[in-house]
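Written out below as structure tokens is the structure these notes cover.
The values are calculated or read from the model by the stated rules, or taken from the named source; none is laboratory data. This structure is a prediction, so every number in the text was calculated from the model and none was measured. Reconstructed Cβ throughout: ideal geometry from the backbone, glycine too, with neighbour counts over all protein chains shown. For the accessible areas, the whole protein counts, side chains as well, though only heavy atoms, and no ligand, DNA or RNA atoms are used. Shrake-Rupley method; radii C 1.70, N 1.55, O 1.52, S 1.80 Å.
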Amino acid sequence: MSEKPKVAWYWCASCGGCEESFVDLAERLLKVFEAVDIVFCPVAMDFKREDVEKLPDGSITVALINGGIRLKEHEEMVKLLRKKSKIVIAYGACSAWGGIPGLANLYNLDEALERKYLEVPTIENPKEVLPTKKIIVNIPEAKMKAELELPEPLPVLLPLDKVIDVDYYIPGCPPTPDVFWNALQALLSGNLPPKGAIVGASNRSLCDECSLNETKPEKVLVKEFKRPDKAKPEPNKCLLAQGFLCMGPVTRGGCTALCIKGNMPCTGCFGLLDGIVDYGGKAISYFGSILDYSPVEDKEIKKAFDSIPDWVGTIYKYSLASAKLSHKAGAKKPKRIKEVVEI
Amino acid sequence: MTEEPRIGVYVCHCGFNIAGTVDVKKVAEFAKTLPNVVVAKDYVFMCSEPGQDLIKADIKAHNLNRVVVSACSPSLHEITFRTAVSEAGLNKYLLEMANIREHCSWVHHDKEKATEKAKEIVRMAVAKARHLEPLQELEVKAETSALVLGGGVAGMRAALELANYGFNVYLVEKAPTIGGKAALIGYVDPKTKGAEIVSKMFDRVKDCPRIQVLTNAELIQLSGFAGNYIAKVRLNPRYVNEKCTLCGECEEVCPIEVSNEYNFGLNKRKAIFLPFSNAYPPYYAIDYRVCVKCGECEKVCRFGAISLKEEPKVVDLKVGSIIIATGYDPYRPFKGEYGYGLHQNIMTLFQLERLLDPDSPTKGELIVGNKIPKSIAFIQCVGSRNTTPGAKEYCSRMCCTTAINSAVKIKEKYPDMNVYILYKDIMTYGSDETLYEEAGKKLVQFIKFEEKIPKVSITPEGLFIDVFEYTIQENLRIPVDAIVLSIGMLPPRDIEELIAVTRVSCGGEGFVREAHLKLAPVEAPTKGIFLAGCITGPKNILESIRMGSAAAAKAMSLLSKGKLTIEPMIAQVNEEKCSGCAICVGVCPYSAISIKKVNGDRIAYVEKALCMGCGTCNAACPSGAMQHLGFKDIQLLAQTRAVFGGEMNV
Ligand SMILES: Cc1cc2nc3c(=O)[nH]c(=O)nc-3n(C[C@H](O)[C@H](O)[C@H](O)COP(=O)(O)OP(=O)(O)OC[C@H]3O[C@@H](n4cnc5c(N)ncnc54)[C@H](O)[C@@H]3O)c2cc1C
Ligand code: SF4
Ligand code: SF4
Ligand code: SF4
Ligand code: SF4
């Protein structure tokens, strides 16, 4: 019996959407199971780290890794998987560019932890308990102490390729089942694209596959930016031409313009195109290019820009961690995290 | 190019210009350490014959496929070195200049630091050179005819020049006659009438079959590009044809009377009128804007010269080049500015010029308010040099000479009249200075004011001017019979339309801007469009005429071959990557980009002859599909990485 390719799937800082997209393959999943052996997949099967360690180096054909690298544990696991795998694929926006969790890089770790565990409106934490490296739990009834160890967080969230060598990327937040399927086909065909390629998606920006592109006026010029929570888009008219900040022009296609079909502007989850160095940088020069101000009135332009409350979150929604300016300076070791706490 | 780059670096001393501040030997040694550099040399004058030969010999000996010349600004010698490398068989776009003179040696003193900076500049140039690609110039067919817009002295001169050298010209004039303002200036110097100058030019234009004069005509749309423009011109009806004998009977019966702009409002004219006695073309015209079509003139004309049925027409003219010579507008003083509009004896310099013209309502006599004044005062810089709130900052250059010239003329004719000239500074530049002397001899009285401008009072006793005389530091009160406001020049009122149609741009003063005053004079930034006369700013007739000749010469060098070479350093679309998002279309200042369908996909298309290589679309394209050849992202990124000391291999 000829050996089937061995596939590993690991999750780092992820929301679960990527795993969901795997399940969304639906009946096509059966074909996947026919074609490959899954050797490691903590989301669905009970494998342990030791199981991977035992495998010979280079014995995994493809390792799919989703989520950003936030914890020491992620770092160790992906390094291990790199050693054991022929091909490593960054799966989804978080793994490829840091994703939404990467926006935490706007703060240093202390600020981020305080926000997360003390300040957000949905949290109730009167004792102000923060994560601790080691917790010693006294259990008087059993006259014993139990020790719990949590993996240490890294000072900033990193995209996968800042930690290990990455062969391919599958874009999306999460990748659509079709994109995943296309990528699998390409990889299993043995006809491998050049290293570093983004697989499964389009080589053109989203406008190419958006049906509203035909409705664009000859020149796209906008005077103000609208937001879908404040104004209702007209149907069947390019959202950008209506003034909605659509990231379509600057974002890789491949999703078949799903959001646009739902009357929501593209937020850019398929990321940058080949040859672009920095997604947000390109996005800003694109917005600058369509602002309709001549002669330039400082105040008016400021008004237009102020209409978007969170610029970083808009232009780097999925890629701050991989941007040229990727994090707040001084993201040092957190002071608030205690070494040991006994409760 | 797939072959490995083999780069030669040539560091120029430029005598002491560079070598005095930069250790050129060290720079050459450093260059040798850079990736792909196979030879690096320094030489005293790279641009000299032996310097160029050095490069040519090395290209052959070392099989170089890229050359970096580290010397002066590319605007100075890039062409020299491009020619040199192409003579050695290399594509001329495989040359990169590293400017270590203007950007380094000339602006620094510290030799050590300047040398370090020169090394960095060379490092950047080498980083870019590694990514250079050979480019090919393109050729397109070009029309050999030209369109001259505006029939003043500048436009007429340009048209005559072109026609003399065998090119066909359309002279498109908005008014019913050509001639412009010069035709209305009584005397341009004490002996020459403005009308005479334009008459001589009219004769030549008339005798020249290659010039087609289109009056009452407006350029309403301009499409295409250098060599292949299509100018849409609207011909407004004149209603009077060449059968007109200038008998003037029509004028008698016309019931419509309006202010006569050709006499600057000194008198009235009818709806059917002759702008001035020697107007060209030499027939009456009906002002289509005011005519009520009563038909009286048509009835009275014995020669069948009038037809009120004429309709406006639109014609498409195919031309290779455009010369814009639409002149200026005289400054319009506001009501009450030095009493203007409040007293009939207060007039503008242009109105005075009309009065002094033998073709005027007073037949050249200086009659104001029914009599010849005993005294007259000119107030200078009206509308210029920040004198009043509406005034411009610049000097209009003509008003001093014209005022003094008129003063001399008045003194010749009426020796007993008291003539005053109230001035800020006298700007009779060049040979006009003799006029100033002449005026002094004729006892024209010059009164200097500074920041505090003269005050005109209209009283029952007559007109008075209060002025603080700056040289004698005294307040004077001068009673005068007439006042002349020496008005300056403004950009034409309809300049916005001109800009919209021709895509030229304006400088700070509101006149049309030349591409570069010293390096590209007379040229508009758009290829194939040239500028002449006062449309670029105040000038006298002589200067306007000269500029007309210069513009014609430039147009001819473009038209003469019947084809055009297109610079290859322009924008190029990668059709595999372009999504047709159209972001680039809106940013192109030259409207060179449109969206076309290619195999059903929307794809950006760059009209090569229109692209001026500004690079804006490259920066705007969100996909990286639009690349500026010679300045591709990959080339600029390599350069940027090099300057930050980054890895040279990208
Ligand atoms: C008060 C005053 C006195 C002057 N006196 C002298 C003097 O004594 N000596 C001297 O050398 N210079 C004098 N000048 C300067 C002189 O008038 C100019 O140098 C000269 O007229 C400039 O010629 P031009 O062809 O550039 O423009 P213009 O004479 O303004 O001619 C422009 C022509 O273009 C036409 N035109 C305008 N717009 C359009 C359009 N959109 N489409 C088609 N046609 C259009 C106009 O109808 C006009 O016929 C004086 C200027 C002023 C203000
Ligand atoms: S809606 Fe967005 S994706 Fe669609 S054409 Fe307009 S800009 Fe492009
Ligand atoms: S030419 Fe004389 S009058 Fe005219 S703006 Fe210049 S200084 Fe004033
Ligand atoms: S480089 Fe681009 S923006 Fe500039 S002229 Fe050419 S096409 Fe237009
Ligand atoms: S901006 Fe770029 S992707 Fe968009 S239409 Fe222009 S060339 Fe194509």
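Numbers below:
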{"read-out": "Failed criterion for B:ILE529 (all others in (1) within 16 Å of ligand 1 (Cβ to nearest atom); (2) touching a Lys or Arg at 6+ places or on another chain (Cβ under 7 Å) hold)", "value": "(2)"}
{"read-out": "Test result for B:GLY341, within 16 Å of ligand 1 (Cβ to nearest atom) and out of contact with any strand residue (DSSP E or B) (no Cβ under 7 Å at 6 or more places or on another chain)", "value": "no"}
{"read-out": "Flag if B:PRO589 is in contact (Cβ under 8 Å) with a residue 24 or more places away in the chain, within 14 Å of chain A (Cβ to nearest Cβ) and surrounded by fewer than 16 Cβ atoms within 10 Å (Cβ to Cβ)", "value": "yes"}
{"read-out": "Residue that is open to solvent by 60 Å² or more (accessible area, probe 1.4 Å) and within 14 Å of another protein chain (Cβ to nearest Cβ), where the choices are A:ASP274, A:ASP278", "value": "A:ASP274"}
{"read-out": "Positions within region A:169-193 being open to solvent by 60 Å² or more (accessible area, probe 1.4 Å), of a type outside the set (A, V, I, L, M, F, W, C) and either within 14 Å of chain B (Cβ to nearest Cβ) or not in a loop (DSSP other than H, G, I, E, B) (or both), in sequence order", "value": "A:ASP178, A:ASN182, A:GLN185"}
{"read-out": "Selection status of B:ILE376, β-branched (Val, Ile, Thr), more than 34 Å from the chain's Cα centre (by Cα) and at pLDDT 95 or above", "value": "yes"}
{"read-out": "Any hit, region B:594-604, residues being open to solvent by less than 20 Å² (accessible area, probe 1.4 Å), within 16 Å of ligand 2 (Cβ to nearest atom) and not hydroxyl-bearing (Ser, Thr, Tyr)", "value": "yes"}
{"read-out": "Selected residue (criterion: farthest from ligand 5 (Cβ to nearest atom)) from residues of region B:359-384 that are without any contact (Cβ under 8 Å) to a residue 60 or more places away in the chain and either among the basic types (Lys, Arg) or within 14 Å of another protein chain (Cβ to nearest Cβ) (or both)", "value": "B:LYS371"}
{"read-out": "Unmet criterion (only one of (1) more than 14 Å from chain B (Cβ to nearest Cβ); (2) on the phi > 0 side of the Ramachandran plot) for A:GLY196", "value": "(1)"}
{"read-out": "Selection status of A:VAL120, open to solvent by less than 50 Å² (accessible area, probe 1.4 Å) and over 25 Å from A:LYS328 (Cα atoms)", "value": "no"}
{"read-out": "Residues (away from ligand 4 (no atom under 14 Å from the Cβ) and either more than 7 Å from chain A (Cβ to nearest Cβ) or not acidic (Asp, Glu) (or both)) located in region B:571-586", "value": "B:GLU575, B:LYS577, B:SER579, B:GLY580, B:CYS581"}
{"read-out": "Tally, over region B:473-530, of residues that are within 16 Å of ligand 3 (Cβ to nearest atom) and either under 23 Å from B:MET556 (Cα atoms) or within 14 Å of chain A (Cβ to nearest Cβ) (or both)", "value": "1"}
{"read-out": "Which listed residue, of A:ALA304, A:ALA241, A:ALA283, is of a type in the set (A, V, I, L, M, F, W, C), closer than 18 Å to A:LYS226 by Cα and either in contact with a Cys (Cβ under 8 Å, 6 or more places away or on another chain) or more than 14 Å from chain B (Cβ to nearest Cβ) (or both)", "value": "A:ALA304"}
{"read-out": "Qualifying positions in region B:564-579 - of a type outside the set (A, V, I, L, M, F, W, C) and more than 10 Å from ligand 5 (Cβ to nearest atom)", "value": "B:THR565, B:GLU567, B:PRO568, B:GLU576"}
{"read-out": "Answer residue from region B:140-175, given it is surrounded by fewer than 23 Cβ atoms within 10 Å (Cβ to Cβ) and within 29 Å of B:LEU349 (Cα to Cα) and is farthest from ligand 4 (Cβ to nearest atom) among those", "value": "B:ALA175"}
{"read-out": "Selection count where residues are crowded, with 21+ Cβ neighbours inside 10 Å, in contact with a strand residue (DSSP E or B) (Cβ under 6 Å, 6 or more places away or on another chain) and not β-branched (Val, Ile, Thr), scope region A:78-98", "value": "10"}
{"read-out": "Yes/no for B:GLU133 being of a type in the set (Asp, Glu), open to solvent by 30 Å² or more (accessible area, probe 1.4 Å), at pLDDT below 95 and more than 17 Å from B:LYS25 (Cα to Cα)", "value": "no"}
{"read-out": "Residue within region B:328-339 that is basic (Lys, Arg) and buried (at least 19 other Cβ atoms within 10 Å of the Cβ) present", "value": "no"}
{"read-out": "Per-region count, region B:415-438, residues open to solvent by less than 20 Å² (accessible area, probe 1.4 Å) and at pLDDT 95 or above", "value": "4"}
{"read-out": "Yes/no for B:ALA84 being closer than 29 Å to B:ILE634 by Cβ and under 42 Å from the mean Cα position of the chain (by Cα)", "value": "yes"}
{"read-out": "Any strands (runs of 3 or more DSSP E) falling wholly within region B:228-305 and containing at least 3 residues that are surrounded by 15 or more Cβ atoms within 10 Å (Cβ to Cβ)", "value": "B:228-235"}
{"read-out": "Any hit, region A:193-208, residues being touching a residue at least 40 places away in the same chain (Cβ under 8 Å) and either more than 20 Å from B:GLU576 (Cβ to Cβ) or within 16 Å of ligand 4 (Cβ to nearest atom) (or both)", "value": "no"}
{"read-out": "Only listed residue being more than 16 Å from ligand 3 (Cβ to nearest atom), surrounded by 22 or more Cβ atoms within 10 Å (Cβ to Cβ) and not in a strand (DSSP E or B), chosen from B:GLY179, B:GLY89", "value": "B:GLY179"}
{"read-out": "Residue identified as within 14 Å of chain A (Cβ to nearest Cβ), more than 24 Å from A:SER205 (Cα to Cα) and either open to solvent by 20 Å² or more (accessible area, probe 1.4 Å) or among the hydroxyl-bearing types (Ser, Thr, Tyr) (or both) among B:THR640, B:THR536, B:THR616, B:THR565", "value": "B:THR640"}
{"read-out": "Test: residue in region A:221-236 that is within 14 Å of chain B (Cβ to nearest Cβ) and surrounded by 14 or more Cβ atoms within 10 Å (Cβ to Cβ)", "value": "yes"}
{"read-out": "Strands (runs of 3 or more DSSP E) wholly inside region A:125-168 that include at least 2 residues being in contact with a Phe, Trp or Tyr (Cβ under 6 Å, 6 or more places away or on another chain)", "value": "none"}
{"read-out": "Filtered residues of region A:102-124 (kept if of a type in the set (Ser, Thr, Tyr) and part of a loop (DSSP other than H, G, I, E, B))", "value": "A:TYR107, A:THR122"}
{"read-out": "Members of region A:2-45 that are of a type in the set (D, E, K, R), within 14 Å of A:GLY92 (Cβ to Cβ) and part of a helix (DSSP H, G or I)", "value": "A:GLU19, A:GLU20"}
{"read-out": "Counted residues, region B:592-604 - those being within 12 Å of another protein chain (Cβ to nearest Cβ) and under 26 Å from B:ALA515 (Cα atoms)", "value": "2"}
